[in-house]
Amino acid sequence: MSKIRSKNTKPEMTLRKALFARSFRYRVNDKNLPGKPDIVLPKYKTIIFLHGCFWHRHEGCKYAYTPKTNTKFWVDKITSNSERDKTNLQKLTALGWNVLIVWECEIRHTYKHNLTPLIDRVEAEILGNRPKKISMKFYELKEDEILMVAEEHVPFLRIPKH
Ligand SMILES: [Zn+2]
């Protein structure tokens, strides 16, 4: 049994770096939110938890095994972790956050040699949750700009990527 590693684990750093490389900016281990989420993207009202498969009981995952010794201790411990996760998820959802769970095995094993599909999926989830009022505001601005530049024959408007 490896010791508890709750902060800055390698898979978490890998995920953070990949998101940073795609221009996402975030807070980490936010103590003011239920469950102290690993990654918080306020602009997209999205939270990402990077869950260790053993500690958070990833259902159907081979790493979510039950230890053969001190079985009761571990079952109680992991059951209470799992229940706390559910409560935190409910609290965060009630506060209007979109919550994504990325499992450690996805980073360590499934996508070991190519994280792109996983990061693509996470990115799509994050962008999909962008509050609608922001994009409406953006379109309003664009119209104003078109009116303002109409006589100056500006050939195109630059569209921001996000
Ligand atoms: Zn797993």
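The values are calculated or read from the model by the stated rules, or taken from the named source; none is laboratory data. Since this is a predicted model, take the numbers as computed values, not measurements. Here the Cβ positions follow ideal geometry from the backbone for every residue, glycine too, while neighbour counts run over all protein chains shown. The accessibility values were calculated without ligands, DNA or RNA, using every heavy atom of the protein model including side chains. Shrake-Rupley method; radii C 1.70, N 1.55, O 1.52, S 1.80 Å.
Structure notes:
- The C-beta contact set for the range 93-107 (first residue at negative phi, second residue near the ligand (Cβ under 10 Å from one of its atoms) and in a strand (DSSP E or B), distance under 9 angstrom, 6+ apart or interchain) comprises ILE101/HIS51; VAL102/HIS51; TRP103/HIS51; GLU104/HIS51.
- Candidate set: the range 83-116, residues that are crowded, with 17+ Cβ neighbours inside 10 Å and in a helix (DSSP H, G or I); chosen: the one nearest to the ligand (Cβ to nearest atom): CYS105
- A Cβ distance below 8 Å, combined with a sequence gap of six or more or placement on separate chains, defines the contacts here; from the range 48-75, residues that are under 29 Å from PHE24 (Cβ atoms) and open to solvent by 70 Å² or more (accessible area, probe 1.4 Å) reach residues that are away from the ligand (no atom under 16 Å from the Cβ) and β-branched (Val, Ile, Thr) in the pairs ARG57/THR79.
- Test: residue in the range 69-89 that is touching a strand residue (DSSP E or B) at 6+ places or on another chain (Cβ under 7 Å) and either more than 19 Å from ILE126 (Cα to Cα) or not small (Gly, Ala, Ser) (or both): yes
- Of all residues in the range 43-77, those being in contact with a Ser or Thr (Cβ under 9 Å, 6 or more places away or on another chain) and more than 13 Å from the ligand (Cβ to nearest atom) number 2.
- Any hit, the range 27-39, residues being open to solvent by 30 Å² or more (accessible area, probe 1.4 Å), touching a Pro at 6+ places or on another chain (Cβ under 8 Å) and without any contact (Cβ under 8 Å) to a residue 24 or more places away in the chain: yes
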